[in-house]
Amino acid sequence: MSRLGVFVCHCGENIGRTVDCAAVAAAAARFPGVVHSVDYKYMCSDPGQSMIKKAIADLKLTGVVVAACSPRMHERTFRSAAAQAGLNPYLLEMANVREHCSWVHADRAAATAKAVELVRLMVEKTRRDRALRPVRVPVEPTAMVVGGGIAGIQAALDIAAGGKKVVLVESGPSIGGHMARLSETFPTLDCSQCILTPRMVEAASHPNIRLMTYAEVAAVEGFVGNFEVTVRRKARFVDPDKCTGCGDCWNRCPQKRIPSEFDAGLGARRAIYVPFPQAVPNKPVIDAERCTMLKQGKCGLCAKVCPRGAVDFKDRDRLEKVKVGAVVLATGFELWDHASYGEYGGGRLADVIDGFAFERLASASGPTGGAIKRPSDGAEPKTVVFIQCCGSRDEKKGLPYCSKICCMYTAKHAMLYRHKVHDGEATVFYMDIRATGKGYEEFVRRAIDNDGARYVRGRVSRVYRRQDGRLVVKGADTLAGRPVTVLADMVVLADAVRPRRGSERLAQLFGVGYDQHGFYSEAHPKLRPVETAAAGVFLAGACQAPKDIPDAVAQASAAAAKTLGLFSQPQLEREPVIARVNRNLCSHCRSCVHTCPYGAVKDFEVKDRAGSVLKVVAEVNEGLCQGCGTCVAVCRSHCIDLDGFTDEQIHAQIAALEAA
Amino acid sequence: MSQGPDADLADAVRDAAGVRVERCYQCGKCTAGCPMARHMDLAPNQIMRLAQTGDPGDREALLRSLAIWCCAGCLTCTQRCPRELDPAAVIDALRELSRREGKVSPRGRRILAFHEAFLASVEHTGRMSEVPLVGLYKLWSGDIFQDLAVAPAMLARGKLPLIPHVIKGRTEIRRIFEACRAKEKA
């Protein structure tokens, strides 16, 4: 006989405002098997949980239904309370009367009636619950970090410092990411390379870190604690074990005019190249699209001059499988292409550049050696206009969000420009200044008060080139209430931050959610900011949302802490929602083997004592099964059932709904 | 369309122009691109702001402003608004209110006279006809001598036909005008 307790939560006003919780509790008291039914303001609070525990002990309850929020929110909370009171946690179920009821309905009477029905269904299910034991699976204590920018490097270093192995996968030839391209960093103006490159070297030389550069994730199998990731190691055409990075090859390569991605197209690289002199590893790759040897079979100069015979034109992409227990995604960002901003020249005006191009102009290691020269003719611009929110906060361009970092880097750009060109004029068009970090507001004030940047509050309507070559910037000063026209020698657009191309595909491989812009979704915006909906996959840096360096580093360390926490347990407990096959009924049609998305169903040979095979049936691997129920649905002989969601339970719920 | 003078201006603009002015976040891109902003006593972004406040004084200032009559209707503001609002339609709605409540700015009256002369020409001939347009404008604005010096040359080249051209569908055009007047009264 079931002895069930029903606990109805008001969730403060969240449920209580729309649902008459006392009436729901009173109705539930009359359901079959229910011996105790109460309502309370905050069931998840300590007194609320104590009520449940006390009732389980005093009334010897055999099952509990909590009518409250989504099980995603608090199922774990209530189940652990039940376990503390000695009840098997899987005998506690939640009826979602918040997201599925009070939040989506306005009519109090109808919402209350619906809440009663939701509780009735869950009572019917709970009456048929069986005690379950969590599945234990071993953990592979190696982490994979995807993305070798500052966030990925930080996460890798922190995990390695915790004594665990890390595989750092980077798609480019070198680690370092965007930070390696920056000149100086706000709000302290320390040189970006000076603080980054030692970390790059540390990551490369750390005994616990294995670098896989020029590599991409191709496929993912497995689950938390036991991922098997297939990495595509792109053909470098240079054997990194033989190469010493002497540079003879790239100095002799005749392809001299390839725009350098690292220098935002302002500098040139060769077909065999390292992206920048401080690259880690400092070993070149050959750009197969640009190499005449690979395209037409002519040249081969690099192979001839290499003293170590490291160049191998026959190199091909290779796939390598890596077993890891946790993954940190740190794939970062890229700038939105202002080519679709027709009113700012649509990318056709040479002297209208983006923030990265300005960083390279201002960088001591950049194509101009740190001198501010405009791209069209190399002249020093005497008037520079900086335009913030280029794409950001522009619903018409489909980017309603704030890119967060532009206010600060634009202030830095204006400052650096004034430091380098003393008689130059820097005008910044802004909508709002969002300087909310430590020392940030002071930094922006410094740009205005000490360095003479002219800040004008208003958006720019149009930028065009006059006959004499000067750029006309038509903006507004909304505080003065009038249009403003500035003649400029160069314009720097603070293009919006967006996730890296291909980030959606990677999210799909790992089962991680993403928003409409492609930013990865955290498991909870406040309380689980580095976890994802996929267990064992964590987030670091701008792949989740626009972030500056301090934020990206902080989140990377948080992701590392989560990874180390996961690795601190020798075994993981997993939800025992597992499919079971009734071997007596299985006809071995193999429909389940073919349809299981996780490859968890395999053939099993039933043998007699002598060892001869009696018959072959399907069997579910508990470690791989995710409890999705696909096999249950396709099974023709109805011989598969799902623990915790049996056919009997679901049919009873449907029957209860029909009877009502 | 029975908005009295006490009704909220933002609601009146929403009903007349289909624009929710409260969505404007004051970036100023409308002002930045406006070719007439220099001649306005209120910049386009200020027009949007004053339409948001709900303050009776702001409403009065808007309806009595010259700015709403300066708009040339080029729609650059509407084209570039990042919030996909339509400032030009807002200005149109304000003009209608201003005229109905008799608050047209003294300098705006000449511009209104031009609009009215244009509409009268369309109503009666079915098209824009130079002589009725110019004649009525001069009559209603009181500015008889403006641009008079070019008239002989234009006459000589046949640019000012003394008998206006008319179109076939004048009856239908007139019915449109009548329908609009009926709607305005309702």
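The values are calculated or read from the model by the stated rules, or taken from the named source; none is laboratory data. From a predicted model like this one, the values you see are computed outputs, not experimental measurements. So basically every Cβ, Gly included, is an ideal-geometry build from the backbone, and we count neighbours across all protein chains shown. Surface accessibility is based on the protein's heavy atoms, side chains included, excluding ligands, DNA and RNA. Shrake-Rupley method; radii C 1.70, N 1.55, O 1.52, S 1.80 Å.
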* To do: Over the whole of A:455-464, what's the average partner chain Cβ count within 10 Å per residue? Rounded to a whole number, please.
  => 5
* the range A:64-101 to the range B:81-156: how many Å between their Cα centroids? -> 71 Å
* Structure fact -> Descending packing, highest mean Cβ count within 10 Å first, for A:531-537, A:456-462 is A:456-462, A:531-537
* Structure fact -> Counting sequence-distant residues (5 or more places) and residues on other chains, those with an amide H built under 5 Å from that of A:Tyr514 are A:Ser521
* Asked: If you line up the long axis of helix A:71-84 against the longest principal axis of chain A, both from Cα atoms, how many degrees apart are they, to the nearest 10?
  -> 50 degrees
* Structure fact -> Here the residues of the range A:477-502 whose accessible area is at least 30 Å² smaller with all protein chains than in the chain alone (probe 1.4 Å) are A:Thr478, A:Gly481, A:Pro483
* **Around A:Leu61: net Lys/Arg minus Asp/Glu count, Cβ-Cβ under 11 Å** => +3
* **In Hz, Karplus ³J(HN,Hα) per residue of the range A:90-96 (6.51, -1.76, 1.60; θ = phi - 60°; x = Gly, Pro)** => 7, 9, 10, 10, 10, 9, 7
* **Estimated 222 nm signal from helices in chain B, with DSSP H stretches of n ≥ 4 weighted -39500 (n - 2.57), rounded to 500** => -16500 deg cm²/dmol
* Expressed in nm to one decimal, what extension gain is obtained for the pair A:Arg30 and A:Asp248 from 0.36 nm per residue of sequence separation less their Cα-Cα distance? -> 69.9 nm
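Using Cα-Cα distances under 8 Å and only pairs 6 or more residues apart, what relative contact order does the range B:51-108 have, in percent?
On the way: 43 pairs, mean separation 24.8, N = 58.
Across the range B:51-108, relative contact order equals 43 percent.
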* Structure fact -> Tilt, helix A:46-59 to longest principal axis of chain A (alpha-carbon atoms), in degrees rounded to tens, equals 20 degrees
* Structure fact -> Here FRET efficiency (C-beta to C-beta, A:Tyr42 to A:Ala109, R₀ 30 Å, nearest 0.05) is 0.80
* **Theoretical FRET efficiency, 1/(1+(r/R0)^6), r = Cβ-Cβ of A:Cys589 and A:Ser568, R0 56 Å, to 0.05** => 0.80
* Asked: Hey, what angle do you get for helix A:150-161 against the long axis of chain A, alpha-carbon based, 0 to 90 degrees rounded to 10?
  -> 60 degrees
* Over the whole of A:39-51, what's the average partner chain Cβ count within 10 Å per residue? Rounded to a whole number, please. => 0
* Where B meets A: accessible area buried, both sides, 1.4 Å probe, Å² -> 1700 Å²
* Structure fact -> The alpha-carbon center of the range A:209-260 and that of the range A:331-355 are separated, in whole Å, by 29 Å
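Span-like helices, chain B: DSSP H, alpha-carbon axial extent 18 Å or more, mean Kyte-Doolittle -1.0 or greater, which ones?
Numbers: long enough: B:87-100 (20 Å, -0.09); B:108-125 (26 Å, 0.17); B:170-185 (23 Å, -1.19).
Those that pass (Cα extent of 18 Å or more, hydropathy at least -1.0) are B:87-100, B:108-125.
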* **Qualifying chymotrypsin sites (Phe, Trp or Tyr not before Pro) in the range B:106-165, DSSP loop, other Cβ atoms within 10 Å at most 12** => B:Phe145
* Which whole-number value in Å² is the accessible area per residue of the range A:449-537, probe 1.4 Å? -> 46 Å²
* In Hz, Karplus ³J(HN,Hα) per residue of the range A:10-22 (6.51, -1.76, 1.60; θ = phi - 60°; x = Gly, Pro) -> 7, 6, x, 9, 4, 9, x, 5, 9, 10, 7, 5, 5
* Asked: Using the per-residue mean of other Cβ atoms lying within 10 Å as a proxy for protection, in what order, highest first, do the peptides A:53-64, A:338-349 fall?
  -> A:53-64, A:338-349
* Short version: ³J(HN,Hα) in whole Hz for each residue of the range B:145-151, in order, from phi by Karplus 6.51 cos²θ - 1.76 cosθ + 1.60 (θ = phi - 60°), x for Gly and Pro, what are they? -> 8, 4, 6, 5, 4, 7, 4
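Keeping every protein chain present and rolling a 1.4 Å probe, give me the accessible area per residue for the range B:9-100 in Å².
Numbers: 3720 Å² over 92 residues.
Value for the range B:9-100: 40 Å² per residue.
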* Structure fact -> Taking every alpha carbon pair in the range A:226-333 and sorting the distances into 10 angstrom bins from 0 up to the bin holding the longest one, the percent per bin comes out as 13, 39, 31, 14, 3
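Could you give the length gained on full extension between A:Glu261 and A:Ala22, defined as 0.36 nm per residue of separation minus the Cα-Cα distance, in nm?
On the way: separation 239, 0.36 × 239 = 86.04 nm, distance 6.49 nm.
That pair, A:Glu261 and A:Ala22, stretches by 79.5 nm at full extension.
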* Asked: What does the helix-only formula give at 222 nm for chain A: each DSSP H stretch with n ≥ 4 adding -39500 (n - 2.57), the total divided by the residues, and the result rounded to the nearest 500 deg cm²/dmol?
  -> -8000 deg cm²/dmol
* To do: Give me the percent of the accessible area of the range A:333-498 that comes from carbon and sulfur atoms, probe 1.4 Å, all protein chains in place.
  => 45 percent
* log10 of Debye I(q)/I(0), alpha-carbon scatterers only, for the range B:46-92 at 0.31, 0.32 Å⁻¹ -> -1.17, -1.20
* Span from the the range A:509-584 Cα centroid across to the the range A:159-205 one, whole angstrom -> 22 Å
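Structure shown: which of A:Lys396/B:Lys29; A:Lys53/A:Lys125; A:Lys242/A:Lys304; A:Lys41/A:Lys526; B:Lys103/B:Lys138 lie over 18 Å apart, alpha-carbon to alpha-carbon?
With Cα atoms farther than 18 Å apart: A:Lys53/A:Lys125; A:Lys41/A:Lys526; B:Lys103/B:Lys138.
Assuming a viscosity of 1.567 mPa s and a temperature of 4 °C, what translational diffusion coefficient in µm² per second does Stokes-Einstein assign to the range B:108-185, Rh being the Kirkwood radius over Cα pairs? All intermediate terms of the calculation are to be shown ahead of the outcome.
Working: Rh = 13.6 Å.
It diffuses with D of about 95 µm²/s by this estimate.
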* Taking the Cα atoms of chain A, what is the range of coordinates along each of the three principal axes, in descending order and whole Å? -> 90, 74, 40
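Treating the beta-carbon of each Lys and Arg as +1 and of each Asp and Glu as -1, no other charges, what is the dipole magnitude of the protein assembly as shown about its Cα centre, to the nearest 20 debye?
Values: 116 positive and 93 negative charges, 306 e Å.
Using only the charged Cβ atoms, the result is roughly 1460 debye.
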* With a sphere of radius 10 Å drawn around the Cβ of A:Ser363, what net charge do the other residues whose Cβ falls strictly inside it have (Lys, Arg +1; Asp, Glu -1)? -> -1
* Asked: Going by a 1.4 Å probe on protein heavy atoms, which residues of the range A:381-428 end up with at least 30 Å² less accessible surface in the whole assembly than in their chain alone?
  -> A:Arg393, A:Glu395, A:Lys396
* Structure fact -> Output field shielding_mean for B:76-82 (other chain Cβ, 10 Å radius) holds 5
* **Relative contact order [Cα under 8 Å, 6+ residues apart], chain A, whole percent** => 13 percent
* Structure fact -> Computed over the range A:508-660, the relative contact order (Cα-Cα under 8 Å, seq sep at least six) in percent reads 17 percent
